[in-house]
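Step one of this worksheet: look at the structure below.
Taken together, the values in this text are just the output of simple stated rules run on the coordinates, not laboratory data. None of the values given here were measured: they were computed from a predicted structure. Cβ atoms come from the backbone with ideal geometry, glycine included; neighbour counts cover every protein chain shown.
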Amino acid sequence: MSVATSRQPSMSTDSRKLVEMSWDPITRIVGSLGIYTKIDFDRKEVAECFSTSSIFRGYSIFMKGKDPRDAHFITSRICGICGDNHATCACYAQQMAFGIKPPPLGEWIVNLGEAAEYMFDHNIFQDNLVGVDFCEQMVKETNPSVWTKAQQTPAPNADKHHFKTIADIMTALNPFTGEFYREALQMSRMTREMFCLMEGRHVHPSTLYPGGVGTVPTVQLFTDYMVRLMKYVEFMKKVVPLHDDLFDFFYEALPGYEKVGQRRILLACWGSFNDPAYCDYTYKNMSAWGRKMFVTPGIVVDGELVTNDLVEINLNIRILLGSSYYDSWENSEMFVKQDPLGNPVDRNHPWNQTTIPRPQKRDFKEKYTWVMSPRWYDKRTKSHLAMDTGGGPIARLWATALAGLVDIGYVKATGTSVKIYLPKTMSLPEVEFEWKIPKWSNAIERDRARTYFQAYAAACALHFCEKAMAELHAGNTKTWTEFKVPEEAIGCGFHEAVRGVLSHHVVIRDGKIANYHPYPPTPWNANPRDIYGTPGPYEDAVQNTPIFEENGPGKFKGIDIMRAVRSFDPCLPCGVHMYLGKGKTLETRHVPMFGAHG
Amino acid sequence: MSDSTIPYGRKTQRPSPVKEVHILWITAGLGCDGDSVSITAAMQPSIEDVLLGAIPGLPKVHLHNPVLAYENGDEFMRFWYEAEAGRLDPFVLVVEGSIPNEKIKKEGYWAALGTDKDTGQPIPTCDWIQRLAPKALAVVACGTCATYGGIHAMQGNPTGAMGLADFLGWKWKSKAGLPIVNVPGCPVQPDNFMETLLYLLYQVAGLAPMIPLDEQLRPTWLFGKTVHDGCDRAGYYEEGDFAQEYGSPKCLVKIGCWGPVVNCNVPKRGWMAGIGGCPNVGGICIGCTMPGFPDKFMPFMDAPPGSSLSSHLIKPYGALIRTLRKITQNTVNKETKWRHPEPPLTTGYRPKTY
């Protein structure tokens, strides 16, 4: 039983004049992404789209039989921008399987490293990749009237970021030549230095181990981190109001823009930053220590918090096929029939998945992608929900806000919002930002949440720094816990990769990896139609996205579709392609070639 | 501007004989885009230093990298087709990610970029390499996946992945006579890659001789020394003082570090701005720059087989050295005896006027 979660096309495709448009690859993301759409230019909307992936590497296959201690070194290589999130999550799963927890200082160092990763990654993605979609050059080419309006619109927060008009912000976002673009790129380097202080190297860390870190905790380590962090805090005092001005302007300049990339509110967050005072990495206590995370896990459906219990979240993960290049594993071994609490574990749960690749021709009526379809089973409605992560921040802030559990001074979840306090910096006074639950899960709100979460991560880092230095000053300098690899064990890790939910599931037998399945955010967002016909979130969000671009089919750049897709922060080092489904094609055009690039 | 108003320095500068160079960067191997992300961290030189002409003597550089490009779709792929047709000349081809073996299966693809307009099927990455490599001025493999196969070429992998030189041939030469240039690292150290690119641009501009490469096609000035040679913990090794657990500031060779036999400059250069690295900051060297990575270094957290003998042999010698040094260190930790607040002066100077 399943319920399709997409908005249905408002008219039958047969009766409409549709133009097939393609962009392959979509750039300024991590991984190759292509989009094939049919667009109804009369009604100014996207009619349909399919999502496919062009790269297969086979981690779950070649990890079998390997030493379980190698898991974080190997899985880091899954992703070139958030590899450390994988390494961290793999260590969480190993710690559960090995029955250990790191010393508190080790945990704080991991949290400081991961906070730096969020600060870096959201920053470079927002202002060097997504930002280009909102830059002068792009807006002039796609919506000249919006550019004209931007020149006449004073920026409400000009006193905070020093750009007088919205157009000035757009000019500053021009790639490489823009002032703010270059400042953000430089800031992305400083935050990576912070990361390297804690985890050794970016993006595949050198100092993470199951049991803690090899980082040597010295006074200098935290001095070097703290002075950089405070520069970032000052930067955020400018960046949050800058993005509020830019995004609010789009709602104002293009009424109806809230529909771009909008889909039903189906947001998933697996929680981030463990608290060493509570987290013992045992499965049986996971519900309790999960709620003590500094970003609260949660399943949010139609704006309601369904659960923030990590055990329930875990048990209801389902990996479905339908349109992917794999054979079913229904006749393969069941590795885990019951979880450590005695609950039954489904055959389609990652613990029981067996990956059987079957490369084949791409056929959009049958199999068209290397991505499987992860779903979350909602037992209330007996439906397999196509949850998305909204690129990470919107789901994290939403789940955290609703739960109202986080209260660390610098950050407070209120039940309807999240308050973020940034102390005085070199040239700016203290600031309190408040992220309020928005009305929509759409492109603009995903992008806005990203900026606020940058501030959230910085505020958390201030708290972690204080905690870490308190341990150091008390002489508690141990950062790693010894362990023995058990002959038989299972483990799971839950974390937030930069762009959303991340889980690792491991089964150990005879001291070796018998089964290993990582689930990063982009498979949740970029997956194809599942066996029940439910489309994946990109497919869903792009379908019926209205077109605001002023160019007709001849010069069409698809900027509104680009903004919709990039708002999810696609990061599939396996490529993702979107393709148009059935429906009569009356006319086919490709994006015309332009002159040589400057 | 009249001749007399042109600055003297400009008249003496020799412009690059090649005015413009394109860099075509394929990320569609079996990879993670971590090398592209890595180069955005580079500061010596930074990507904007190279693109905005901040280094004298170089041709104008146009970068076509999917992670950073302004263009999308066909606007972006245009450069690939232009290069294939010989109309984008000269260009340097950068390959990122391991090269899958597309010949081991009946149909489908392991890695692809763009779609064939005639068949509607994805174009395998291998096809792009074969189309573009013969036209390129130089071909650079960026990161350990592209250079030697890396993680995705691990034992038991389903795709038959390999490095670029395995695919094109180790003796392959570009039309300009350059071998494949390998810059390994998982990911590539940011400045190592940008500096190699800078060298090639100097070479294109006639400002540098043929890039010096070793047998594994690595730039010799970057990979000529071992991790151990540049590690600030090598002193502990010399004294036979080894870490028994992670988090210790001592030499990590007994808990998994392969530094003494791995060609890499990271402990010396740091990861960025001299910060971070591997054994120098508490991370065992897992050999990620090496052709034998990862299998020959696994399980990563066990002591390398050769290390038990060498670390055993050095123990008595190291212990003696440590003892002797301790004596000397105690001596130099004390100030000389003439520094005191009481008369008379005992520094050796004999004053005649006071």
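Size of segment A:33-141: Rg and Dmax of its alpha carbons, in Å, are 20.4, 62. Here the scattering of segment A:138-213 is modelled by Debye summation over its C-alpha atoms, one equal scatterer each and no solvent; at q = 0.23 Å⁻¹ the log10 of I(q)/I(0) is -1.01.
For B:Gln130 and B:Thr353, compute 0.36 nm times the residue count separating them, minus their Cα-Cα distance, and round to one decimal in nm.
Working: separation 223, 0.36 × 223 = 80.28 nm, distance 8.87 nm.
Full extension from B:Gln130 to B:Thr353 adds 71.4 nm.
Using Cβ point charges alone (K and R +1, D and E -1), the dipole size of segment A:160-265 about the Cα centre works out to roughly 220 debye. Pairwise alpha-carbon distances in chain B exceed 37 Å for 35% of all pairs. With the convex hull of its Cα atoms as the shape, segment A:342-398 has an orientation-averaged projected area of 6.7 nm². Selection among A:Tyr181, A:Ser427, A:Phe222 by position relative to the dipole of chain A gives A:Tyr181 as farthest towards the positive end (Cβ unit charges, Cα centre).
How would A:Cys460, B:Cys142 line up from fewest to most surrounding beta-carbon atoms within 10 angstrom?
Values: A:Cys460 26, B:Cys142 33.
The fewest-first ordering by Cβ neighbours comes to A:Cys460, B:Cys142.
A Cβ-based charge dipole, computed about the Cα centre of segment B:174-254 with Lys and Arg at +1 and Asp and Glu at -1, lands at about 340 debye.
Using the beta-carbon distance between A:Tyr251 and A:Val227 and R0 = 30 Å, what value does 1/(1 + (r/R0)^6) give for FRET efficiency, to the nearest 0.05? Before the final figure, lay out the partial values.
On the way: r = 38 Å, r/R0 = 1.26.
Between A:Tyr251 and A:Val227 the formula returns 0.20.
Relative contact order of chain A, taken over Cα pairs closer than 8 Å and 6 or more residues apart, is 28 percent.
The P(r) of the protein assembly as shown has a tail past 38 Å containing 43 percent of all C-alpha pairs. Backbone amide hydrogens, once placed in the peptide plane, bring A:Thr165 within less than 5 Å of A:Ala155, excluding anything fewer than 5 places away on its chain.
Return A:Arg28, A:Arg318, A:Arg446, A:Arg69 ranked ascending by Cβ neighbour count within 10 Å, so the fewest neighbours appear first. Display every interim value, and only then the final one.
Values: A:Arg28 26, A:Arg318 19, A:Arg446 29, A:Arg69 23.
Fewest-to-most ranking of A:Arg28, A:Arg318, A:Arg446, A:Arg69: A:Arg318, A:Arg69, A:Arg28, A:Arg446.
Between 0 and 90 degrees, the angle of helix B:73-84 with respect to the longest Cα principal axis of chain B falls at about 90 degrees.
The H on the amide N of A:Lys101, modeled in the peptide plane, is under 5 Å from the matching H of no residue at least 5 residues off or on a different chain. Relative contact order for segment A:405-465: 30 percent, from Cα pairs under 8 Å spaced at least 6 residues apart, divided by residue count.
Rounded to the nearest 5, the antiparallel percentage of DSSP beta bridges internal to chain B is 30%.
Extents of segment B:119-212, taken as max minus min of Cα coordinates on every principal axis and listed largest first, are 44, 32, 25 Å. Which trypsin sites (Lys or Arg not before Pro) in segment B:113-173 sit in a loop by DSSP (not H, G, I, E or B) and have at most 12 other Cβ atoms within 10 Å of their own Cβ? Here the trypsin sites (Lys or Arg not before Pro) that fit, given the DSSP loop and packing criteria, are B:Lys117, B:Lys171.
Relative contact order of segment A:268-313: 40 percent, from C-alpha pairs under 8 Å at least 6 residues apart in sequence.
Restricting to bridges with both residues inside segment B:49-192, how much of the DSSP beta-bridge set is antiparallel, in percent to the nearest 5? If we restrict to bridges inside segment B:49-192, about 35 percent are antiparallel. Taking a straight Cα-Cα cut-off under 25 Å and skipping sequence neighbours fewer than 8 places away in the same chain, the lysines within cross-link reach of A:Lys17 are A:Lys38, A:Lys44, A:Lys259, A:Lys365, A:Lys555, A:Lys557, A:Lys582, A:Lys584, B:Lys117. Across segment B:201-274, Cα-Cα pairs farther apart than 22 Å form 38% of the total.
The chymotrypsin sites (Phe, Trp or Tyr not before Pro) found in segment B:198-283 include none that occupy coil by DSSP while having at most 15 further C-beta atoms within 10 Å.
If you take the Cα centroid of segment B:1-80 and the Cα centroid of segment A:144-197, the two points sit 22 Å apart.
Once the Cα atoms of helix B:190-204 and of chain B are each reduced to a long axis, what angle between those two axes, in degrees from 0 to 90 to the nearest 10, is obtained? Helix B:190-204 sits roughly 60 degrees off the main axis of chain B.
Let's test the formula: R0 of 45 Å, r as the Cβ-Cβ distance of A:Glu487 and A:Ala288. What FRET efficiency results, to the nearest 0.05?
On the way: r = 28 Å, r/R0 = 0.63.
The formula returns an efficiency of 0.95 here.
Under Stokes-Einstein, with the Kirkwood radius over Cα pairs as Rh, the value for segment A:260-378 at 20 °C and 1.002 mPa s is 130 µm²/s. The local environment of A:Val295, defined by Cβ-Cβ distances under 9 Å, has a net charge of 0 under the rule Lys, Arg +1 and Asp, Glu -1. Using +1 at the C-beta of Lys and Arg and -1 at the C-beta of Asp and Glu, which of B:Val262, B:Pro299, B:Ala319 has the Cα lying farthest in the positive direction of the dipole of segment B:231-354? It is B:Ala319. Charge tally for A:Arg69 (other residues, Cβ to Cβ under 13 Å; Lys, Arg +1; Asp, Glu -1): -1.
Return the FRET efficiency for the residue pair B:Glu215, B:Leu324: r is the Cβ-Cβ distance, R0 is 35 Å, and the value is rounded to the nearest 0.05. It would help to have the intermediate numbers written out before the result.
On the way: r = 41 Å, r/R0 = 1.16.
Approximately 0.30, to the nearest 0.05.
Annotation: for a label point projected 7 angstrom from Cα along Cα→Cβ of B:Asp89, residues of segment B:104-138 with backbone N closer than 11 Å are B:135-137.
Just add up the charged neighbours of B:Leu30: K/R +1, D/E -1, any other residue whose Cβ is under 11 Å from the Cβ of B:Leu30.
Details: positive: A:Arg57, A:Arg77; negative: B:Glu96.
It works out to a net charge of +1.
Using equal-weight Cα scatterers in the Debye expression, the normalised intensity of segment B:267-354 in log10 at q = 0.12, 0.16, 0.19 Å⁻¹ is -0.70, -0.92, -1.06. Scaled against 2.2 N^0.38 Å for its residue count N, the alpha carbon radius of gyration of segment A:362-508 is 1.38.
If you restrict to DSSP beta bridges whose two residues both lie in segment A:290-399, what percentage is antiparallel, to the nearest 5? Write out the running numbers ahead of the final one.
Numbers: 12 of 13 bridges.
Once the DSSP bridges in segment A:290-399 are tallied, antiparallel ones form about 90 percent.
Given +1 at the Cβ of Lys and Arg, -1 at the Cβ of Asp and Glu and no other charges, the dipole of the protein assembly as shown around its Cα centre is 1280 debye to the nearest 20.
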